[in-house]
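Here's the structure, in structure tokens; my notes come after.
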Amino acid sequence: MAAERYLALGYCVIPLRGKVPTITWSTYQRRKPSLNELRRWARCGLLRNIGIVCGEVSGNLVVLDFDDLAVYETFIRRFPDLAQTYTVATGGGGRHAYLQAGLLPPSRRRQGVELRGNGLQVVAPPSVHPNSTPYQVLHSLDVLQVPNLEELARWVRPAAGPKPDISAPAAGANPSLTAAIALHFQALGYRRRGDWLNGPCIYPQRHAHDDSRISFGFNTCSGYGNCFRCGSMLAKDIARVLGIDPSSYGGIAPHSYRRDTDEQQFVCNPFT
């Protein structure tokens, strides 16, 4: 079983459905599961897909998650030595480049790439993306051991800039996708307050001491999310965490706002 092979390599493995853990996985940011736990998850049908927890628990594993192939090509040109490592072609068309760091850098992201370390996980082969495309090994190389990733971390550091206006429908997501996300949160018991659905953050691993207080809101008009700790979140990232495939709802970009013909203004209501 692939999950057992990953565990034998020293990686912390968790069960996923799509891209979403099927267990409360905060414990496994600090310890690996036992082989018996892994087999029990498999017997219970929880291990549909395989997640690998990044960071210290997996021996300082860092995974560069590229959702833009142009950014991945830039990475190869800028860091040709680092590109010679175990690499996965993701089911969504991106790339995962695995590195083992001597000094673990903080997790961070910018447009097109995320450096995944402590508090984050990645979907591993032979898992299947929600769009039915399998994750496949692209470069079957050893995971590169790198003493220091400081220069790479600086490259991934997000550029400073204003936060998006989460109240502006014109800057929002496709209403069909927004509605699908909203329905998902409603099914989880998130409470509505006006245009917002409020509940625990979708990134509990980023909150200290398993803090599950209500800190997150999803705006059902714009499609943006916001957490007091994590900041603003785009619909595409929320959908990724929830295992929702945007292509099933017409993509991410807004294209179907209903226009009020009397007032000639956009009216945003994803539930109509």
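The values are calculated or read from the model by the stated rules, or taken from the named source; none is laboratory data. Values in this document were obtained by computation on a predicted structure and should not be read as measured data. Reconstructed Cβ throughout: ideal geometry from the backbone, glycine too, with neighbour counts over all protein chains shown.
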Give the range 114-126 a look and list any residue that's part of a loop (DSSP other than H, G, I, E, B) and either farther than 14 Å from V53 by Cα or not assigned by TED's automatic domain parsing to the domain that holds Q84 (or both), or say none.
P126
Per the filter on the range 68-87, residues among the small types (G, A, S) and either in a helix (DSSP H, G or I) or at pLDDT below 95 (or both) are A70
Out of contact with any helix residue (DSSP H, G or I) (no Cβ under 6 Å at 6 or more places or on another chain), modelled with pLDDT of 95 or more and among the acidic types (D, E): does that describe E114?
no
Looking at the range 100-112, which of the residues that are under 18 Å from the mean Cα position of the chain (by Cα) and not in a loop (DSSP other than H, G, I, E, B) is farthest from S58 (Cα to Cα)?
R110
Are any of the residues in the range 57-80 surrounded by fewer than 16 Cβ atoms within 10 Å (Cβ to Cβ), in contact with a helix residue (DSSP H, G or I) (Cβ under 8 Å, 6 or more places away or on another chain) and more than 13 Å from H96 (Cβ to Cβ)?
yes
Are any of the residues in the range 101-113 in the same structural domain as D65 (by TED's automatic domain parsing) and within 16 Å of L9 (Cα to Cα)?
yes
